[in-house]
Amino acid sequence: MTTRVKIDIQAVWLEFKKDQANQELRNRLIENYFPLVRFNAERVWAKLPDGVDLNDLISAGVFGLMDAIEAFDMERGVKFETYCVPRIRGAMLDELRTMDWVPRLVRSKASKLEAARKELEAAHGRPPTDIELSEKMQLSIDEFDKLKSEASAVSLVSLNKKWYETDSYKDVREIDVVEDMKGEDPTLGIQKRDVMKLVTKGLNRNERLIIILYYYEELTMKEIGQTLGLSESRVSQMHSSIVARLKDQLHRRRPEFA
């Protein structure tokens with residue numbers, strides 16, 4: 001059943017991209033992905049103070065979904081769900097900003113909180129604790145927690161907001177410059193490989209495997225022993241010996257890294 005639905009949706013996408021003026025096909029896509037709108041609207045709404053209507057967020061999210069459907073490029077190999085969610089949430093945050101739903105009093109308190117944080121950080125040379133901030137602002141812990149929760153909502157940023165203007169037809173938006181925290185830095189990957197080559201140079205097969213399996217694959221001594229056909233105590237002895245030799249080698253080569 002699941003496979004059939006996926007095939008149908010793929011067929012709808014293909015037909016829609018041939019004729020994007022076809023309202024019926026677009027409505028079928030909107031209906032299929034509407035649960036994503038509701039799910040994200042509820043997540044955003046749950047973090048907001050009282051007074052924001054969930055239906056307003058859903059309506060804004062639908063417009064974000066419609067824009068995503070129009071702009072989606074099937075040839076880029078990206079799942080539509082991955083592509084559309086930031087745009088749905090961005091449309092919701094744009095709507096919140098247009099509504100100016102954050103009361104002026106909350107904005108004022110948020111500014112005072114930030115001023116108190118900066119003052120205490122300058123005085124102590126470190127970020128202040130919540131207790132220090134609450135005492136500075138003469139608030140109880142419960143009052144401070146409420147203020148902190150409300151103030152955090154002031155800093156919401158729309159991912160659809162323009163980051164800077166360009167000469168091309170497409171502006172660069174916040175979502176285009178958000179760092180992918182899950183992606184691996186290629187420079188870091190090269191450094192890891194270089195370090196592994198340096199560390200394992202001059203080691204025999206079993207010694208190299210012990211280092212790689214223990215530090216890179218994060219296996220236990222027991223698991224390494226089972227892999228190499230050695231006892232756990234023997235692996236531990238070899239590991240200690242290898243580490244001692246490596247420390248001596250790196251100590252002698254320290255001038256090279258200065």
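In terms of surrounding Cβ atoms within a 10 Å radius of their Cβ, HIS124, HIS251 rank from fewest to most as HIS251, HIS124. For SER59 and LYS146, the FRET efficiency from 1/(1 + (r/R0)^6), where r spans their Cβ atoms and R0 equals 22 Å, is about 0.15.
A crude spin-label estimate for the pair LEU250 and LYS112, with each label 7 Å from Cα along the Cβ direction, gives 5.2 nm.
Taking 0.36 nm per residue of separation and subtracting the current Cα-Cα distance, fully stretching the chain between ALA122 and TYR215 would add 29.5 nm. Calculated FRET efficiency, VAL243 to ASP8, Cβ-Cβ distance, R0 = 45 Å: about 0.15 to the nearest 0.05.
Among ILE88, ILE190, the order by Cβ neighbours within 10 angstrom, fewest to most, reads ILE190, ILE88.
About the centre of its Cα atoms, the stretch 2-99 shows a dipole size close to 360 debye [charges on the beta carbon of Lys, Arg (+1) and Asp, Glu (-1) only; nearest 20 debye]. Can you pull the one-decimal nm distance between simple spin-label points at GLN20 and ILE190, each 7 Å off the Cα toward Cβ? For GLN20 paired with ILE190, the spin-label model returns 3.8 nm.
Quick note: the coordinates plus some simple rules give every number you see, no bench work behind them. Computed from a predicted model, the values in this text were never measured in an experiment. A quick note on method: Cβ atoms are made from the backbone with ideal geometry, for glycine too, and the neighbour counts reach across all protein chains shown.
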